[in-house]
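Before any comments, here is the structure.
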Amino acid sequence: MTGSIISILMSDNIKLFFCGDFCSTPSTSLISVSEELKDLISSCDLKICNFEVPLKPSDIPKSSDRLYQHDDAPKFLENLGFNLFSFANNHAFDYGIAGYEKTINAFRNRYNVFGSGSYREAYSVKMIDIKGIKIGFLALCYAARFGVFDNISCKEGLGCAYINDLCVNHVILAAKKEVDFLIILPHDGIEYIDVPLPETIARYRDFIDYGADAVIGTHPHCPQGWEKYRGKLIFYSLGNFFFNSKENPLYRAWNRPHWYEGLCVELNIKDGDSMCEVYNTKNVDNVALVLDHSEDVKKHNEIICSYLKDATSYKRYIETELRKLAIMQELPILDTTVHKTTLKIAFKSLLKKSFKLLFSKEEFADKSVTNLLKNDTRRSALLRVLNNQ
């Protein structure tokens with residue numbers, strides 16, 4: 001499936017700017033952006049952002065387990081110069097169809113928002129024609145709780161394209177016949193760890209094997225390593241560009257060491273070849289976005305990329321990081337299956353559910369189990385943790 005082609009006249013050297021996840025529940029009027037970062041963004045022809053969270057319709061009450069952005073977020077990004085917005089992520093339908101419609105209609109041109117909609121729209125490649133060079137974008141998402149076409153027979157309603165849908169590879173093959181440069185934007189991976197799972201590496205490389213020219217990922221909320229595979233760039237996670245999903249602008253994610261760090265990619269395309277520049281950004285106290293030139297962040301870049309080149313150190317590191325997540329109880333259901341410290345809580349929960357099953361008409365349902373089984377990446381992480389107990 002392919003989308004309509006938009007024509008833009010640009011210079012011979014095409015420059016694309018990519019940033020990571022964006023969410024601001026407080027008003028974006030509180031955020032200042034450094035002139036240096038503004039200049040970098042404005043120097044590029046296409047500026048692509050993952051608009052992570054929807055706007056909330058006024059007639060729908062807030063929910064503690066669903067996120068929303070301030071109504072001024074789209075205008076803030078457009079004023080910075082962003083002109084393409086991926087909306088294929090696990091929060092896109094947090095407030096249903098009404099939230100989805102309000103979000104895409106809040107942009108000056110709703111057709112600049114891609115990656116979700118009907119089944120055909122979600123699996124369409126966004127095509128941009130820049131002075132005779134056709135660039136395609138395909139945005140994909142893991143099987144989230146809702147809002148993702150995660151079943152091969154589920155093609156009704158609205159949602160995002162499922163990263164492991166059987167048709168995705170065929171979409172890539174077909175699109176490559178129509179575009180000169182194809183970029184895959186997957187929203188997947190394990191949150192809070194700075195290296196990808198082996199399964200993620202295999203899938204993203206798979207995109208290159210089927211014809212993609214670059215893969216630029218989001219979702220883990222921290223930068224992950226990047227590499228060249230068969231001469232093509234793969235960024236496993238750009239981390240957060242700016243992310244504050246709390247109403248309090250003073251909120252700090254104290255237990256997320258790389259939450260306030262992000263990667264930005266400037267991709268230069270000329271004569272069929274591509275080169276890139278990687279920039280680090282920093283969210284300072286939820287009120288300022290700046291480029292980060294510190295030696296510490298440069299060193300961290302080197303370290304996370306080095307794991308992708310050394311199988312032994314990578315395996316040791318990924319196992320260590322997954323164990324940390326298990327201890328922190330970040331992986332759903334781990335705390336009620338392998339943690340002795342929460343055995344009492346698990347036992348009480350089991351008794352409560354058993355009582356309902358025996359003495360009420362309420363069906364026995366554990367959403368944490370369902371969500372875990374649906375999510376390929378988290379399921380793989382859980383199996384790795386259990387196998388190493």
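The values are calculated or read from the model by the stated rules, or taken from the named source; none is laboratory data. Here the structure is a predicted model, which means the values were calculated and not measured. Positions of Cβ are generated from backbone atoms using ideal geometry, with glycine treated the same way; all protein chains shown enter the neighbour counts. To get the accessible areas, we keep the full protein, side chains included, count just its heavy atoms, and leave off ligands, DNA and RNA. Shrake-Rupley method; radii C 1.70, N 1.55, O 1.52, S 1.80 Å.
Remarks
- Bridgeable aspartates and glutamates around Lys270 (alpha carbons under 20 Å apart, same-chain partners fewer than 8 residues away excluded): Asp12, Asp45, Asp129, Glu178, Asp180, Asp213.
- Relative to the Cα centre, the charge distribution of the chain, modelled as +1 at Lys and Arg Cβ and -1 at Asp and Glu Cβ, gives a dipole magnitude of about 1320 debye.
- Rel. contact order, % - alpha carbon contacts under 8 angstrom, at least six apart, the chain: 17
- Beta bridges per DSSP with both ends in segment 1-150, % antiparallel, nearest 5: 25
- Heavy-atom accessible area per residue - the chain, 1.4 Å, Å²: 46
- Antiparallel DSSP beta bridges within the chain, percent to nearest 5: 45
- Residue by residue, segment 235-245 carries 3J(HN,Hα) couplings of 9, 6, 6, 8, x, 8, 7, 7, 8, 9, 9 Hz when phi is fed to the Karplus relation 6.51 cos²θ - 1.76 cosθ + 1.60 (θ = phi - 60°); x denotes Gly or Pro.
- By DSSP, the beta bridges lying fully in segment 142-265 are antiparallel in about 45 percent of cases.
- Between Asp72 and Thr28, the built amide H atoms are under 5 Å apart, and every one of these is 5 or more places off in sequence or on another chain.
- Cα gyration tensor shape of the chain, rounded if a/c is under 1.5, else prolate or oblate by comparing a/b with b/c: rounded
- Net charge, Phe243 excluded, C-beta distance under 9 Å - Lys, Arg +1, Asp, Glu -1: -2
- Straightening the chain between Asn169 and Asp72 buys 31.3 nm, computed as 0.36 nm per residue apart minus the Cα-Cα spacing.
- Summary value for segment 1-146: 30 percent relative contact order, contacts being C-alpha pairs under 8 angstrom separated by 6+ residues.
- Between Lys246 and Ser42, the distance separating the two model label sites (each 7 Å from Cα on the Cα→Cβ line) works out to 3.4 nm.
- When the helices of the chain are scored as -39500 (n - 2.57) per DSSP H run of n ≥ 4 and the total is divided over every residue, the value at 222 nm lands at -9000 deg cm²/dmol.
- The alpha carbons of segment 125-214 give a radius of gyration and a Dmax of 13.9, 41 Å, in that order.
- The mean sequence distance of close C-alpha pairs (under 8 Å, at least 6 residues apart), as a share of the length of segment 49-88, puts its relative contact order at 61 percent.
- Heavy-atom surface analysis with a 1.4 Å probe gives the chain a carbon and sulfur content of 54 percent of its accessible area.
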